[in-house]
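Participant: Take this structure, written in structure tokens, and hold onto it; I'll ask about it next.
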Amino acid sequence: MDIKSTIETVKGFPKEIAEIARELNNAKKIIIFGHKNPDLDCIGSQVSLALAMRERGKEVIIYSNGPFHSYMADYEKLYTNKVENIDDIDLFVVVDTSSLNRIDVDFELPFEKVIVLDHHVTNENFGKVNYIDSDLISATEIIFMLLVYMDYSFEKNKTVVQILLDGILSDNGYYKHIRTDKYMSLIFTYLLISKGANPKETYDKMYVNNNIAEIKLLGKILDRIESLKDDQIIYTYQTDNDENESGVQVSSALLFQQMTSIKTGKIFLYFKVNTAENKVIVSMRCSPEYDIGSICNIFGGGGHKVAAGATISGDYETVKKKYPYVRYDEKV
Ligand code: AMP
Ligand code: MN
Ligand code: MN
């Protein structure tokens, strides 16, 4: 099956893709940014685009300040956070990142050279060229479309094909988040598997990646679950003390896998308390009839309608009192 004509038929290439392909073709030196605390969609987008552009003779910097989860160690090696001669860089590509402050970078990006590729509804369109497509479940789908548009030979590089599948399947929650208006990842997944990507390898990266300490801490955090409104609002927390004692963190993905299995639940919150820095990182999930992305936006964060987050200064008790579930309490 010809991938290009399939995508042309099922979705069509937006006009921005042509412009972005032209910019990439013309650039000699490219830097690719994602968001802090990169997830597999972010890594999949950054790494696949970088490796493909290197094959085309470009010099490409893959930038991140991390922190990387331990199961992403293989990818961490490809990254740097040291950039010299910023003036020599022709193109600054930002993927899977809704606003500049999510990048975690200590130099300014020259607006004229910035390209933004993202799927967050809350994206601030902070580039000269922006392709934001919130119909897509992952940013990696945009990179896939772009590489297809640029006639990239997927057969030649299995790493690129695999990391594209990893990125797409991670943000679609291994098919959990497919909706009647968001199903393109099913087709893209099929196309990537037909080019040699292995879905079992992705599954293992996503779900077979914990150690005993993480599962024990997960148990402790689940034990702290509290609820409001007839168990519709469900929340719990992790402290820096937990982290210091166990030496591990429980990712929001791992926690929400369990928490969202509570049948009555509609709004789910996970507070990661950082006493040392007097701040709380809030992760949220909700059922499709709510929109927590815009609520998190009010708190200086953002995300998607059903998966979002924010970082708020203050201690747990104060943040908990003013944070979303109190507001949602009125609506649920
Ligand atoms: P998480 O709960 O950390 O897995 O994040 C869920 C979603 O919300 C992801 O798509 C993040 O990109 C987004 N998100 C989390 N925290 C923030 C933030 N502080 N600002 C903007 N988006 C965020
Ligand atoms: Mn992401
Ligand atoms: Mn994403």
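The values are calculated or read from the model by the stated rules, or taken from the named source; none is laboratory data. Keep in mind that what you see is a predicted model, and the values were worked out from it rather than measured. For neighbour counting, all protein chains shown are included, and Cβ atoms are generated from backbone atoms with ideal geometry for every residue, glycine included.
Participant: On the basis of being within 16 Å of ligand 2 (Cβ to nearest atom), within 22 Å of LEU169 (Cβ to Cβ) and in contact (Cβ under 8 Å) with a residue 60 or more places away in the chain, does SER251 make the cut?
Facilitator: Values: within 16 Å of ligand 2 (Cβ to nearest atom): yes; within 22 Å of LEU169 (Cβ to Cβ): yes; in contact (Cβ under 8 Å) with a residue 60 or more places away in the chain: yes.
The answer is yes for SER251.
Participant: Which ones in region 4-22 are surrounded by 17 or more Cβ atoms within 10 Å (Cβ to Cβ) and closer than 24 Å to ILE89 by Cβ?
Facilitator: Listed by number, the residues that qualify are GLU16, ILE17, ILE20.
Participant: Right, next: Residue by residue through region 110-129, note down the ones that are buried (at least 22 other Cβ atoms within 10 Å of the Cβ) and more than 12 Å from ASP96 (Cα to Cα).
Facilitator: GLY127
Participant: State whether one or more residues within region 77-87 are away from ligand 2 (no atom under 16 Å from the Cβ) and in contact with a helix residue (DSSP H, G or I) (Cβ under 8 Å, 6 or more places away or on another chain). Lay out the reasoning, then the answer.
Facilitator: So in region 77-87, the residues away from ligand 2 (no atom under 16 Å from the Cβ) come out as 77-78, 80-87.
After this cut, where a residue has to be in contact with a helix residue (DSSP H, G or I) (Cβ under 8 Å, 6 or more places away or on another chain) as well, the list is 78.
Yes, there is a match, as at least one residue in region 77-87 is away from ligand 2 (no atom under 16 Å from the Cβ) and in contact with a helix residue (DSSP H, G or I) (Cβ under 8 Å, 6 or more places away or on another chain).
Participant: Still on this structure: Quick test for you: out of ILE43, ILE103, ILE89, ILE132, pick the one residue that is β-branched (Val, Ile, Thr) and away from ligand 1 (no atom under 16 Å from the Cβ).
Facilitator: Just a single option satisfies the conditions, and that option is ILE89.
Participant: Of the numbered conditions (1) within 16 Å of ligand 3 (Cβ to nearest atom); (2) modelled with pLDDT of 95 or more; (3) in a helix (DSSP H, G or I), GLN258 fails exactly one; give the number of that condition.
Facilitator: Here GLN258 meets the rest and fails (1).
Participant: So, one more: Considering only residues of region 133-146 that are over 11 Å from PHE188 (Cβ atoms) and crowded, with 22+ Cβ neighbours inside 10 Å, which is nearest to ligand 3 (Cβ to nearest atom)?
Facilitator: ALA139
Participant: Check off (1) assigned to a helix (DSSP H, G or I); (2) in contact with a helix residue (DSSP H, G or I) (Cβ under 6 Å, 6 or more places away or on another chain); (3) within 16 Å of ligand 2 (Cβ to nearest atom) for LYS4 and give me the number that stays unchecked.
Facilitator: Looking at each condition in turn, LYS4 falls short on (3).
Participant: Among the residues of region 190-200, write down those that are closer than 10 Å to LYS158 by Cβ and surrounded by fewer than 16 Cβ atoms within 10 Å (Cβ to Cβ).
Facilitator: We begin by selecting, within region 190-200, every residue closer than 10 Å to LYS158 by Cβ; these are 195-198.
Within region 190-200, GLY196, ASN198 meet the criteria.
Participant: Would you pick out the residues in region 218-249 that are assigned to a loop (DSSP other than H, G, I, E, B) and more than 17 Å from ASN274 (Cβ to Cβ)?
Facilitator: Passing the criteria: ILE225, LYS229, ASP230, ASP231, GLN232.
Participant: Against the condition within 21 Å of ILE262 (Cβ to Cβ), part of a helix (DSSP H, G or I) and touching a strand residue (DSSP E or B) at 6+ places or on another chain (Cβ under 6 Å), how does ILE215 come out, does it pass?
Facilitator: Values: within 21 Å of ILE262 (Cβ to Cβ): yes; part of a helix (DSSP H, G or I): yes; touching a strand residue (DSSP E or B) at 6+ places or on another chain (Cβ under 6 Å): no.
Taking the combined requirement at face value, the residue does not satisfy it.
Participant: Return the residues of region 241-281 that are over 18 Å from LYS220 (Cα atoms) and within 15 Å of ligand 1 (Cβ to nearest atom); say none if nothing qualifies.
Facilitator: Matches in region 241-281: ILE267, GLU277, LYS279, VAL280, ILE281.
Participant: In addition: Kindly indicate which of ASN37, ASN65, ASN125, ASN130 is without any contact (Cβ under 8 Å) to a residue 60 or more places away in the chain, over 21 Å from VAL160 (Cα atoms), within 16 Å of ligand 3 (Cβ to nearest atom) and not in a helix (DSSP H, G or I). Working first, answer last.
Facilitator: Working: ASN65 fails: within 16 Å of ligand 3 (Cβ to nearest atom); ASN125 fails: within 16 Å of ligand 3 (Cβ to nearest atom); ASN130 fails: without any contact (Cβ under 8 Å) to a residue 60 or more places away in the chain.
Only one candidate passes the filter, namely ASN37.
Participant: Considering only residues that are in a loop (DSSP other than H, G, I, E, B) and at negative phi, which ones fall in region 169-191?
Facilitator: Answer for region 169-191, where residues must be in a loop (DSSP other than H, G, I, E, B) and at negative phi: ASN172, LYS176, HIS177, ILE178, THR180, ASP181, TYR183.
Participant: Follow-up. Considering only region 133-143, state which residues are within 13 Å of ligand 2 (Cβ to nearest atom), out of contact with any His (no Cβ under 7 Å at 6 or more places or on another chain) and either aromatic (Phe, Trp, Tyr) or assigned to a loop (DSSP other than H, G, I, E, B) (or both).
Facilitator: Those that are within 13 Å of ligand 2 (Cβ to nearest atom), out of contact with any His (no Cβ under 7 Å at 6 or more places or on another chain) and either aromatic (Phe, Trp, Tyr) or assigned to a loop (DSSP other than H, G, I, E, B) (or both): none in region 133-143.
Participant: Of the residues SER252, SER294, SER283, which is at pLDDT below 95 and touching a Ser or Thr at 6+ places or on another chain (Cβ under 6 Å)?
Facilitator: Among SER252, SER294, SER283, only SER252 is at pLDDT below 95 and touching a Ser or Thr at 6+ places or on another chain (Cβ under 6 Å).
Participant: Would you call GLY293 at positive phi and touching a residue at least 60 places away in the same chain (Cβ under 8 Å)?
Facilitator: Criteria not met by GLY293.
Participant: So LEU146 ticks every box in (1) part of a loop (DSSP other than H, G, I, E, B); (2) more than 16 Å from ligand 1 (Cβ to nearest atom); (3) modelled with pLDDT of 95 or more; (4) not polar (S, T, N, Q) but one. Which box is left unticked?
Facilitator: For LEU146, the failing item is (1).
Participant: Here is a follow-up. Can you tell me which residue within region 160-187, out of those that are in contact (Cβ under 8 Å) with a residue 60 or more places away in the chain and more than 16 Å from ASP204 (Cα to Cα), is nearest to the chain's Cα centre (by Cα)?
Facilitator: HIS177
Participant: Checking ASP166 against (1) part of a helix (DSSP H, G or I); (2) closer than 22 Å to ALA307 by Cα; (3) out of contact with any Ser or Thr (no Cβ under 9 Å at 6 or more places or on another chain), which test does it fail?
Facilitator: (3)
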